[in-house]
Every structure is written in C-alpha cells, then in structure tokens.
Amino acid sequence: MKIFTIPNKSNSPKRSRAAEWGRKCLAALFWLALWQILYLAVQQEILIVSPVRAFERLLELAGEAEFWITAFSSMLRIVSGFLLGVTAGTLLAALTSVSRLLYDVFHPMISIVKATPVASFILLALVWIESPYVPVFTAFLMVLPVVWGNVSNGIAKTDRNLLQMAEVYQFGIAKTIRRIYLPSIMPYFTAACTTGMGLAWKAGVAAEVLANTKHSIGGNIYNAKIYIETADLFAWTAVVIVISVLLEKLMMRLMKTVGKKYNLS
C-alpha cells in the first residue's frame, strides 16, 4: 500500500527566504528606531540628525550629477587599489610558496604592513605621491597582506596525496594548478577578497579624507566636518556603506559563478 506524504511547506525555499528577509527587516527597523531615539534624546542636529533628514539629504545629493561623478571616482580609485592588491598578493603568495628564500625576504615586509597604522601609511603616501593616487595606494596596501596570507594558506593546505597522484599520472603544471591547486585555494581566495574589499573601502575613504581628494566621497566627508554639515556627513557615510555592501555581494556572486563554471567550488 502506497503512502502519500504531504510536503512540509515550512521548509520550502520561498518560506525560508521570506523568513530571512523578515529577520533582516526587523534588524534594520531596530537600528533605525534606536537612531531616532538617540536623535530625540540629543535634540541637536549639529551632533546627530534624524534618519528621515539623513535620507532626505541623500535623495537631494542623488539628484545632482556631481554626486554620481564623485561616487564613481571614489569607486574607481578604491577598486583599482583592491584589484592591484589582489593581483600582487596572489602572485607573491605563489612565489613565496615555491621559494623559501623569497618567503624570508618578503615576510618581514608583509608583517610591517599589517602592523603599521593606516594613518601612518596615508601620511607617508601624501609625501611620496600625488593626492588622487593616495587612496589607490592605501587600498592596495590593505588588501595585499590579506590576500597573500590566505592564498599562501590555501597552497600550504593542498592535499599532498592529490599532488602525488598528479605527479604519477603526469598532469603537468597547468593541469595540476587547474585540477588540484585552484579548488584548494578558492575558498581561501574568496574569503580574502571579501575581507579585503571591506578593508579597502575603509582605508580608501580614510585616505580620501586625510588627502582631501577632489571628486571623492572622503573629500565630501571632510568638507561636511569642516562646515559642520551633519546631514551631509551621515548621507555620505551611508553611500560608503551601500557601495561597499553592493560590491561585496557582487564579488561573492562572481566568485560562485566562476567556481561553478570551472568546478572550483
């Protein structure tokens, strides 16, 4: 006798997704409510503006062409530094994993970069290079150690049995990298890029603030602080957060797509 079971609708993907969005909306409402309570408690817009006023100012800025030029210029600088850091970090990890001498040469430099405060690098960069390139340089320096460390870790933890098998079956360098190293490194590389993107944005915008770079989000944050325009300060900060989150999500999706296409995930 065949028994038919009714599927559990509570575990359906649509229900789970709706529940997840519901939790996120509740979390957002909680923080917005806390923000509003702080605004009402302080009652001084020079110190803290209301969420409504910050959103209104953001809409006002978004209606200006200068806003989009500024946002794109900052994104271009910081993403350029991020990509340079990812490329250099990956290549350096590959080289230091092959040669112990290169590891001993570059490891102290990476340790110094990790330990030195971001502000020190920004101020030194202002002496060495022109203001528009300071955010690029700063983002590059923040991403480089993260990518180098994660990719090196991924290479070191590659299954030695698989490497021996590749040697026995004469895979060759290209096939060994494609079939064995890349699947092992990919999770570490994805984590490095996700972390690095956040660090690049924080450091890059900080560099724009200290360098007072023209047509930059950081430059507008600096001007908002100088002229005590608190609404602008909150609005531009929101822009930084939104762009950072969107780029991080886009990168994660790109990594998943590449992983599935080449069977790396």
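Evaluation of residue 74 against the conditions (1) under 20 Å from residue 218 (Cα atoms); (2) free of Cβ contacts under 8 Å to residues at least 60 places away in the same chain shows that the sole unmet condition is (2).
Among the residues of the range 174-232, those identified as of a type in the set (S, T, N, Q) and in a helix (DSSP H, G or I) are 176, 184, 190, 194, 195, 220, 223, 230.
When restricted to residues that are over 28 Å from residue 156 (Cβ atoms) and of a type in the set (Lys, Arg), the range 91-126 contains 0.
Residue-by-condition table, conditions (1) more than 30 Å from residue 152 (Cβ to Cβ); (2) surrounded by 13 or more Cβ atoms within 10 Å (Cβ to Cβ):
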position: 30; (1), (2): yes, no
position: 33; (1), (2): yes, no
position: 43; (1), (2): yes, no
position: 57; (1), (2): yes, yes
position: 69; (1), (2): yes, no
position: 86; (1), (2): no, yes
position: 89; (1), (2): no, yes
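Residues in the range 113-135 that are part of a helix (DSSP H, G or I) and of a type in the set (Val, Ile, Thr): 113, 118, 122, 127, 134.
Considering 79, 49, 86, the condition of being touching a residue at least 60 places away in the same chain (Cβ under 8 Å) and either not assigned by TED's automatic domain parsing to the domain that holds residue 197 or not in a helix (DSSP H, G or I) (or both) is satisfied by 49 alone.
Of all the listed residues (138, 158), the sole one being outside any helix (DSSP H, G or I) and in the same structural domain as residue 201 (by TED's automatic domain parsing) is 158.
The values are calculated or read from the model by the stated rules, or taken from the named source; none is laboratory data. Computed from a predicted model, the values in this text were never measured in an experiment. When we count neighbours, we look across all protein chains shown, and the Cβ atoms used for this are built from the backbone with ideal geometry, even at glycine.
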